[in-house]
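Here the structure comes first, spelled out in structure tokens, and everything after it is commentary.
Derivation of every value follows stated rules applied to the coordinates shown; laboratory data play no part. Quick caveat: nothing in here was measured; it's all calculated off a predicted structure. Note: ideal-geometry Cβ built from the backbone for every residue, glycine included; neighbour counts use all protein chains shown.
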Amino acid sequence: MNEKPWQGRFEQPTNRQVEEYTASIHFDSRLFRYDIEGSIAHCRMLGECGIITHEEAALIIGGLGEVLREMERGDLSLDPSEEDIHMAVERRLIQKIGEVGGKLHTARSRNDQICLDMRLYIRDVIRHCRALLLAVRKGFVETASCCMGMVMPGFTHLQHAQPVLLSHHLMAYDEMFRRDDERMADCFRRADVLPLGSAALAGTTFPIDMEYTARALGFSQVTRNSIDAVSDRDYLIEFNSAAAILVMHVSRLAEELILWSTSEFAFIEISDAFCTGSSIMPQKKNPDVPELMRGKSARVFGNLMALLSLTKALPLAYNRDLQEDKEPVFDTADTVLSTLRLLSRLLPEIRFKEERMRRMAVEGFTLATELADYLVGKGLPFRKAHHVVGQIVQHCIHHGKGLEDCGLDDLRSFSKLFESDVSAFLNINAAVNRRSSPGGTASSRVEEAIARARDEIRSLERELPAR
Ligand code: ARG
């Protein structure tokens, strides 16, 4: 068994079950790169400030580099006696370079160290997430551009409402993902604060230079309160909230793709490579990818609830409870990143059935509003026009025909305001293009939206480093 760094005041060795129960090495081992990167910066700072000598700093940094390479090779013990990643790295370091390795932990505590690791980690996750969101947005914008001109029924209450451009519907998702990206960028700003130097909770007596460490690790700010620094988990909760909203958006898209794949809708076909079959029904081709995207949102919501419950009513400053923040955060990050990665690849695998969508776009009297608008144009108050067209729809239902099958005589039996120019109003493309209010479905507006999104994507590409 390993001797614990904190063994000094203890007379008995740790109970094995206690060791297992309290260990976090089996999940926080994935932080090893951040832990070592943070230690290297900390050690440089200790050397610069004369808290340890430059020779000692060089020895420690060299040793940490070796530990890093070992761990990168997968040589990492997950035995509970290692306790956590901080202890595992330190123990390896001391094994390699001897007692001088014990100087690394000067002027810090595991309480501020774990916060540093998690901030470094979450910054990376957010950068990755934003790069993937960008790829997803590109996919939507390019698909919307390719599908320009395809018409589909727009829905309210999942009932046919008014015809819209498919591109307009797709660009609605681009808006959601744009806001998700803004939330991630905002969350990044608050995660981007150096906690190291807060030590256990009260700060340290050593003459440290936190600005130096912050610069070395690329943090734009240094913590303003050491008690807050070791107990704050807002940045993780915030990331998980933004992630929850993001996967909620994905679940709405997924649900639509699932519906649109049914023989009832038959708006799309997802390629074989992105579907799976049934072990019993030979004919089946199932949309498992969107189903799992929809399903996986549940765990992200659960993780958010876990983090909120974990921190609720927790007294200041550090409490060991906080160790429980890791798994939900890791799970959310893994889920969001894998979902976005696949989503960016899914779009090109979708074939839109243009004819079917166009046929369905007039089904269910979706041009009724056109007729009402026509009557309003002739001076009838909208409420009255609504009523007249409602009666025309009822007439059509009784006679089993569509609005576009009504002749002028039919229409005039409901209102003398109908004249021959009404035929232009019963046209699906005209119906779409007349909705040219800002953000409307008219081709001109959708093209405008696509151009604007392309500009945004270009400037985000400059801002976010390529992955
Ligand atoms: N494994 C701990 C965590 O994740 C690291 C900090 C432990 N600090 C302590 N004093 N036991 O929160």
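In the chain, excluding the sites themselves, the longest stretch lacking any of the GluC sites (Glu not before Pro) that are in a DSSP loop with at most 16 other Cβ atoms within 10 Å is 12-263. The dipole here belongs to region 287-381: it is taken about the Cα centre, uses +1 on the Cβ of Lys and Arg and -1 on the Cβ of Asp and Glu, and is about 180 debye.
Taking every DSSP bridge with both residues inside the chain, close to 85 percent are antiparallel. Which lysines, on any chain, are close to Lys96 with Cα under 23 Å apart, when same-chain ones fewer than 8 places away are left out? Excluding near neighbours in sequence, the set is Lys4. Across region 208-216, rounded Karplus estimates of 3J(HN,Hα) from the backbone phi angles (6.51 cos²θ - 1.76 cosθ + 1.60, θ = phi - 60°) give 7, 10, 5, 4, 4, 4, 4, 4, 4 Hz, Gly and Pro being marked x. Amide H to amide H, with H built 1.01 Å from N, Met150 comes under 5 Å of Leu166, Ser167, counting only residues 5 or more places away or on other chains. With helices as the sole contributors, the chain gives -19500 deg cm²/dmol at 222 nm; each DSSP H run of n ≥ 4 counts as -39500 (n - 2.57), and the sum is divided by every residue. Using the beta-carbon distance between Glu175 and Glu354 and R0 = 22 Å, what value does 1/(1 + (r/R0)^6) give for FRET efficiency, to the nearest 0.05? Rounded to the nearest 0.05, the efficiency is 0.40. Answer with one residue from Asn433, Ile270, Leu314: the one whose Cα lies farthest towards the positive end of the charge dipole of the chain, charges on Cβ with Lys, Arg +1 and Asp, Glu -1. Going by the charge dipole, the pick is Asn433.
Each residue of region 148-165 was assigned a 3J(HN,Hα) from its phi angle through the Karplus curve 6.51 cos²θ - 1.76 cosθ + 1.60 (θ = phi - 60°); the sequence is 3, x, 6, 10, 9, x, x, 10, 9, 6, 6, 10, 3, 10, 9, x, 9, 6 Hz, with glycine and proline shown as x. By definition, a body whose alpha carbon gyration tensor gives a ≥ b ≥ c is oblate when a/c is 1.5 or more and a/b is not larger than b/c, and region 1-81 fits this oblate description. Backbone amide hydrogens, once placed in the peptide plane, bring Val222 within less than 5 Å of Leu194, excluding anything fewer than 5 places away on its chain. If one takes the longest principal axis of the Cα atoms in the chain, at what angle in degrees, from 0 to 90 and to the nearest 10, does the Cα axis of helix 368-377 lie? Result, in degrees: 70. Scanning residues 5 or more positions from Gly197 or on other chains, those with amide H under 5 Å from its amide H are Ser109, with H placed 1.01 Å from N in the peptide plane.
Rounded to the nearest Hz, the phi-derived 3J(HN,Hα) couplings of region 252-269 under the Karplus curve 6.51 cos²θ - 1.76 cosθ + 1.60 (θ = phi - 60°) are 5, 4, 4, 4, 5, 5, 5, 4, 5, 7, 6, 5, 5, 7, 6, 8, 9, 10, where x marks glycine and proline.
Express as a percent, rounded to the nearest 5, the fraction of DSSP beta bridges in region 100-247 (both residues included) that run antiparallel. The antiparallel proportion sits near 75 percent. Under 17 Å Cα to Cα from Lys312, which lysines show up? Leave out anything in the same chain fewer than 8 places away. Here the lysines satisfying the reach criterion relative to Lys312 are Lys326.
Across the options His387, Thr366, Ile397, the greatest Cα extent toward the positive end of the charge dipole of region 360-426 (unit charges at beta carbon of Lys, Arg, Asp, Glu) belongs to His387.
Listed by chain and number, the lysines whose alpha-carbon sits under 23 Å from that of Lys285, ignoring those within fewer than 8 places in the same chain, are Lys296, Lys353. Taking the alpha carbon gyration tensor of the chain, multiplying each eigenvalue by 5 and rooting it gives semi-axes of 61, 23, 19 Å, largest first.
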